[in-house]
Amino acid sequence: MENNPYSSPAANLFGSTSGTSVEYVSTGVIHQLKRTKPWVRFFGVILWIAVSFMILAAVAVVVGGAAMGAMMQKTNPGMPAGLMTGIGAAYILMAVLYIYPAIKIWKYGSSIGKLVQSGSHLDLEEALNQQRGFWKFVGVMMIIGIGMNIIGIMVMVGFAATAAAGLPK
């Protein structure tokens, strides 16, 4: 770039010291994320395998439950027929809940790959955004799980107190 003493002054409002519009990430940061990528991919593959197994299990439970329910209705007409369908639906729900973090962690690994190729701070921001999305989902699910455990404990204590109140003295 030419240094023209007659041009109007300009200020870089974004803090770039290089004078270019593309800033690069340090090689140390890239190296650490590059070392993380195989583990990110490993967890991504494990999540996708888990989703696949949950869907297969749901189908097996629903089909097996339908066959078993038909047989049980002949021998024991009072047996609930939809129990296995409900369990299969629970497996489908779990599979759906695993899909979002699987997508996020896979995109995080892909963003690390782009960062390694380009070295651009924009690719670093994208990688960190995908990682943030993954951990936000995990955190929300953890809060929901803790809340459900607290509710479950309170229900169990209530049942135990009710059962204890009904015991003969």
Checklist outcome for this item: Output for Cβ contacts, cut-off 6 Å, separation at least six or different chains, first residue free of Cβ contacts under 8 Å to residues at least 40 places away in the same chain and part of a helix (DSSP H, G or I) in the stretch 83-103, second surrounded by 14 or more Cβ atoms within 10 Å (Cβ to Cβ) and among the aromatic types (Phe, Trp, Tyr), reads Tyr100/Phe137
Checklist entry - Does the stretch 59-71 contain at least one residue that is surrounded by 10 or more Cβ atoms within 10 Å (Cβ to Cβ), within 30 Å of Trp135 (Cβ to Cβ), modelled with pLDDT of 85 or more and touching a helix residue (DSSP H, G or I) at 6+ places or on another chain (Cβ under 6 Å)? => result no
Next on the checklist: With small (Gly, Ala, Ser), closer than 25 Å to Arg35 by Cβ, in a helix (DSSP H, G or I) and touching a Ser or Thr at 6+ places or on another chain (Cβ under 8 Å) as the only criterion, which of Ala66, Ala127 stands out?
Outcome noted: Ala127
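Within the stretch 34-75, track down each residue that is more than 16 Å from Lys104 (Cβ to Cβ) and in contact (Cβ under 8 Å) with a residue 60 or more places away in the chain.
So the first thing to find is which residues in the stretch 34-75 are more than 16 Å from Lys104 (Cβ to Cβ), and the list is 34-35, 38, 49, 52-75.
Of everything in the stretch 34-75, just one residue is more than 16 Å from Lys104 (Cβ to Cβ) and in contact (Cβ under 8 Å) with a residue 60 or more places away in the chain, namely Lys34.
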Checklist entry - Got a sec? Which of Tyr91, Tyr108 is surrounded by 14 or more Cβ atoms within 10 Å (Cβ to Cβ), in contact with a helix residue (DSSP H, G or I) (Cβ under 9 Å, 6 or more places away or on another chain), among the hydroxyl-bearing types (Ser, Thr, Tyr) and modelled with pLDDT of 95 or more? => result Tyr108
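Just checking, how many residues over the stretch 111-121 are of a type outside the set (Ser, Thr, Tyr) and either exposed (fewer than 13 other Cβ atoms within 10 Å of the Cβ) or not in a helix (DSSP H, G or I) (or both)? Reasoning before the result, please.
Filtering the stretch 111-121 down to residues of a type outside the set (Ser, Thr, Tyr) leaves 112-117, 119, 121.
Still in the list and also either exposed (fewer than 13 other Cβ atoms within 10 Å of the Cβ) or not in a helix (DSSP H, G or I) (or both): 117, 119.
The number of residues fulfilling the criteria is 2.
Yes/no matrix, rows are residues, columns are (1) out of contact with any strand residue (DSSP E or B) (no Cβ under 8 Å at 6 or more places or on another chain); (2) aliphatic (A, V, I, L, M); (3) closer than 26 Å to Leu97 by Cα:
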| site | (1), (2), (3) |
| --- | --- |
| Ser111 | yes, no, yes |
| Leu115 | yes, yes, no |
| Ser118 | yes, no, no |
| Lys136 | yes, no, yes |
| Gly139 | yes, no, yes |
| Ile144 | yes, yes, yes |
| Met154 | yes, yes, yes |
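The values are calculated or read from the model by the stated rules, or taken from the named source; none is laboratory data. Predicted model, so just to flag it, every value in this text is computed and none were measured. All Cβ positions, glycine included, derive from the backbone under ideal geometry; neighbour counts span all protein chains shown.
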